[in-house]
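Laboratory data are not the source of any read-out in this text; all were calculated from the coordinates shown. Every value quoted in this text rests on a predicted model; they were computed, and no experiment measured them. When we count neighbours, we look across all protein chains shown, and the Cβ atoms used for this are built from the backbone with ideal geometry, even at glycine.
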Amino acid sequence: MHKIIIDCDPGHDDAMAIMTALAHSGELELLSFCTVAGNQTLEKVTKNVLKLEEYLDLDIPVYKGCDHPLLKENKPQPAAHGESGMDGPVLPEPVKKEEAISAVEYYKQVLKKEEKVTIVALAPLTNIATLLTEAPECADHIEQIVLMGGALNGGNINKYAEFNIWHDPEAAKIVFDSGIKVIMAPLEVCYAGGILIKETKRFEREGKVSKLVKDLFDFYCRYAIDRGWDKTAVFDLIPVLYLLNKDLFTYKKGHVDIVLDGEDTQGQTVFREGEGDHIALIDADREGCMKIFFDAIDRLDQRYS
Ligand code: RIB
Ligand code: CA
């Protein structure tokens with residue numbers, strides 16, 4: 001059993017990662033959600049988590065985190081996720097509210113209380129870097145950080161970098177240099193474990209959760225379909241799948257350096273194999289990844305039927 005905190009910026013793929021984790025409550029004890037500015041503004045991504053909670057009738061605490069990177073400017077991504085940050089599904093305005101304390105204050109409190117917590121980081125690392133700067137002693141209570149981020153052979157936001165790292169490279173440097181066990185899921189493994197566009201048709205069926213997933217994919221897959229791709233990555237799914245079944249992945253150990261600036265290089269993750277303890281997931285059993293994801297949505301459809 002892993003005790004996990006999901007640090008996120010929903011985000012279509014964040015939402016699908018969250019649902020997959022929820023379907024595995026026997027292996028993953030989901031303590032909370034912490035939100036951070038990334039795909040959209042802090043307000044919008046927090047609202048998206050609250051909408052998801054209400055749709056799924058959840059009672060998991062939501063903590064609002066940092067509303068901008070440590071040094072860089074906010075760069076929301078409406079092209080990928082829409083103006084709302086989770087365009088596609090029509091979900092009612094949430095009644096549920098976030099908790100009164102900030103995500104960083106929450107981290108300080110929960111990490112002093114809990115023995116070992118896994119942080120599943122699906123967004124820019126601003127919250128975690130702020131925590132480690134303000135309360136470095138909390139690092140001892142973080143078992144590992146399993147994050148979607150980084151790129152080994154080419155970026156999705158500039159020539160070399162992946163969005164989550166690019167958005168707050170200073171934060172990423174603090175996290176990667178912290179000495180905490182980091183498992184990185186870079187772009188390459190996310191594509192290796194991705195979904196075929198034709199597989200998304202399976203969600204066009206009865207089922208409260210399948211309907212939500214269909215509506216999410218209808219918007220999210222436009223980017224791939226417009227480019228003639230037959231497959232897309234559900235990026236944030238990979239850290240959750242890793243926690244559920246490490247055997248689906250191959251990895252390399254090494255050291256990751258973060259490049260802080262440069263039009264083509266801001267956020268670049270320079271991986272030097274064999275020179276450190278960072279774990280970079282390299283390849284994935286795509287069929288195995290999709291089986292866990294599909295079964296998770298089936299389980300939730302049953303749960304909400
Ligand atoms: O580069 C992909 C990452 O950026 C994912 O976490 C996605 O949700 C966006 O945050
Ligand atoms: Ca995300």
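Quick notes on this structure:
- Candidate set from region 31-51 (those that are surrounded by fewer than 24 Cβ atoms within 10 Å (Cβ to Cβ) and of a type outside the set (Gly, Ala, Ser)); member that is nearest to Lys96 (Cα to Cα): Leu50
- Evaluation of Gly65 against the conditions (1) under 22 Å from Ala296 (Cβ atoms); (2) touching a residue at least 40 places away in the same chain (Cβ under 8 Å); (3) crowded, with 21+ Cβ neighbours inside 10 Å; (4) within 16 Å of ligand 1 (Cβ to nearest atom) shows that the sole unmet condition is (1).
- Matching option when the condition is touching a Phe, Trp or Tyr at 6+ places or on another chain (Cβ under 8 Å) and more than 16 Å from ligand 2 (Cβ to nearest atom), among Lys208, Lys198, Lys159: Lys208
- Residue pairs whose Cβ atoms lie under 6 Å apart, separated by 6 or more positions or on different chains, with the first residue in region 109-130 and assigned to a helix (DSSP H, G or I) and the second away from ligand 2 (no atom under 16 Å from the Cβ) and of a type outside the set (A, V, I, L, M, F, W, C), are Leu111/His141.
- Only a single item in (1) surrounded by 15 or more Cβ atoms within 10 Å (Cβ to Cβ); (2) within 14 Å of ligand 1 (Cβ to nearest atom) is not met by Ala79, and it is number (1).
- Taken over region 94-105, the criterion of being away from ligand 2 (no atom under 16 Å from the Cβ), within 19 Å of Glu53 (Cα to Cα) and in contact (Cβ under 8 Å) with a residue 12 or more places away in the chain is satisfied by Pro94, Val95, Lys96, Lys97, Glu98, Glu99, Ile101, Ser102.
- Residues in region 92-126 that are among the aliphatic types (A, V, I, L, M) and either more than 24 Å from Leu31 (Cα to Cα) or within 15 Å of ligand 1 (Cβ to nearest atom) (or both): Ile119, Val120, Ala121, Leu122, Ala123, Leu125.
- Residue selected from region 131-155 under the condition of a type in the set (Asp, Glu) and in a helix (DSSP H, G or I), by the criterion nearest to ligand 2 (Cβ to nearest atom): Glu134
- Taken together, Ile165, Ile119, Ile197 contain a single residue that is among the aliphatic types (A, V, I, L, M) and more than 20 Å from the chain's Cα centre (by Cα), which is Ile197.
- Asn74 meets each of the listed conditions (1) of a type in the set (S, T, N, Q); (2) over 28 Å from Glu115 (Cα atoms); (3) away from ligand 2 (no atom under 14 Å from the Cβ); (4) out of contact with any Leu (no Cβ under 9 Å at 6 or more places or on another chain) apart from (4).
Here's the yes/no breakdown for (1) surrounded by fewer than 19 Cβ atoms within 10 Å (Cβ to Cβ); (2) hydroxyl-bearing (Ser, Thr, Tyr):
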{"position": "Phe203", "(1), (2)": "no, no"}
{"position": "Glu206", "(1), (2)": "yes, no"}
{"position": "Asp218", "(1), (2)": "yes, no"}
{"position": "Phe235", "(1), (2)": "no, no"}
{"position": "Tyr242", "(1), (2)": "no, yes"}
{"position": "Lys252", "(1), (2)": "yes, no"}
{"position": "Gly262", "(1), (2)": "yes, no"}
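- Of all residues in region 213-246, those satisfying the criterion of being assigned to a helix (DSSP H, G or I) and without any contact (Cβ under 8 Å) to a residue 40 or more places away in the chain are Lys214, Arg222, Ala224, Ile225, Asp226, Lys246.
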